[in-house]
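Remarks on the structure that follows.
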Amino acid sequence: MSSTPHDQHHFECRLVWTGAAKGGTTNYEAYSRECRVDIAGKPSIRGSSAAVFRGDPSLPNPEDLLVASLSMCHFLSYVALCARGGVNVVSYEDEASGTMSRFERGFHFTDVLLRPRVTIAAGSDAEKARVLHEKAHDTCFIASSVNFPVRHEPVIKVMAGL
């Protein structure tokens, strides 16, 4: 496997610390962690740190968004493979969860578990649908970019025929 990129894609955003309006960082406990991420041509994302890090629990935080990115990337990789492979997916939901642990050098993710619940049309191959999760994991751009395990426990249901 070559480490030289053959093709490159760039992604950009702008982060604005909206919490600055509530005062500066004169006190660690008191400053606002609220921010906004702007991506050209897309809805802005309001965010904060996780509640455990003195953030606003009603807003997404970087940890939420990392787990969501892994879930979304797996989904998009999976349905693309199914569409190309003749598996008709009619429903997909995932209950993803991540674990972050404290170590000597601080916190970092140690594991993310994806729990896709997939319904396929009658006549589609359930075993192929299951196997394609493995391939989706291998092709997910985000999962291949992180240094912790991203596991998946898919459940495949076949829609009843008429």
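The values are calculated or read from the model by the stated rules, or taken from the named source; none is laboratory data. Small disclaimer: the values here were computed from a predicted structure and weren't measured. Note: ideal-geometry Cβ built from the backbone for every residue, glycine included; neighbour counts use all protein chains shown.
Step by step: first the residues of segment 103-117, then only those that are out of contact with any Phe, Trp or Tyr (no Cβ under 8 Å at 6 or more places or on another chain) and modelled with pLDDT of 95 or more, then the one that is surrounded by the most Cβ atoms within 10 Å (Cβ to Cβ). Which residue is that?
Per the stated criteria, the residue is L114.
For every residue, the table says whether it meets (1) closer than 12 Å to F75 by Cα; (2) assigned to a strand (DSSP E or B).
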position	(1), (2)
H108	no, yes
D111	no, yes
V118	yes, yes
G123	no, no
K128	no, no
L132	yes, no
A136	yes, no
F141	yes, no
S144	no, no
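Could you tell me whether any residue of segment 80-102 is modelled with pLDDT of 95 or more, in contact with a strand residue (DSSP E or B) (Cβ under 9 Å, 6 or more places away or on another chain), assigned to a helix (DSSP H, G or I) and surrounded by 12 or more Cβ atoms within 10 Å (Cβ to Cβ)?
yes
Condition check ((1) within 16 Å of R84 (Cα to Cα); (2) in contact with a Ser or Thr (Cβ under 9 Å, 6 or more places away or on another chain)) across all residues:
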site: V118; (1), (2): no, yes
site: A121; (1), (2): yes, no
site: A126; (1), (2): yes, no
site: H133; (1), (2): yes, no
site: C140; (1), (2): yes, yes
site: S145; (1), (2): no, no
site: H152; (1), (2): no, no
site: I156; (1), (2): no, yes
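If you go through segment 56-73 one residue at a time, do you hit one that is in contact with a Gly (Cβ under 6 Å, 6 or more places away or on another chain), part of a helix (DSSP H, G or I) and surrounded by 14 or more Cβ atoms within 10 Å (Cβ to Cβ)?
Scanning segment 56-73 turns up at least one residue that is in contact with a Gly (Cβ under 6 Å, 6 or more places away or on another chain), part of a helix (DSSP H, G or I) and surrounded by 14 or more Cβ atoms within 10 Å (Cβ to Cβ).
For T139, indicate whether it is surrounded by 14 or more Cβ atoms within 10 Å (Cβ to Cβ), touching a Lys or Arg at 6+ places or on another chain (Cβ under 6 Å) and either at pLDDT below 95 or over 17 Å from L65 (Cα atoms) (or both).
no
Restricting the first residue to segment 9-29 and requiring it to be without any contact (Cβ under 8 Å) to a residue 40 or more places away in the chain, which pairs with a second residue that is of a type in the set (G, A, S) meet a Cβ separation below 7 Å and a spacing of at least six or different chains?
G19/S32; K22/S32
Scan segment 118-128 for residues that are buried (at least 18 other Cβ atoms within 10 Å of the Cβ) and hydroxyl-bearing (S, T, Y) and jot them down.
Hit for segment 118-128 is S124, nothing else.
So, in segment 142-161, of the ones that are of a type outside the set (D, E) and exposed (fewer than 13 other Cβ atoms within 10 Å of the Cβ), which residue ends up farthest from A96 (Cα to Cα)?
Among them, the one singled out is G161.
Please state which of the following conditions S32 fails to meet, knowing it meets all the rest: (1) surrounded by 18 or more Cβ atoms within 10 Å (Cβ to Cβ); (2) touching a strand residue (DSSP E or B) at 6+ places or on another chain (Cβ under 6 Å); (3) modelled with pLDDT under 95.
(2)
Just to be sure before I move on: is S69 in contact (Cβ under 8 Å) with a residue 12 or more places away in the chain and of a type in the set (S, T, N, Q) in the structure I sent?
Against the criterion (in contact (Cβ under 8 Å) with a residue 12 or more places away in the chain and of a type in the set (S, T, N, Q)), S69 qualifies.
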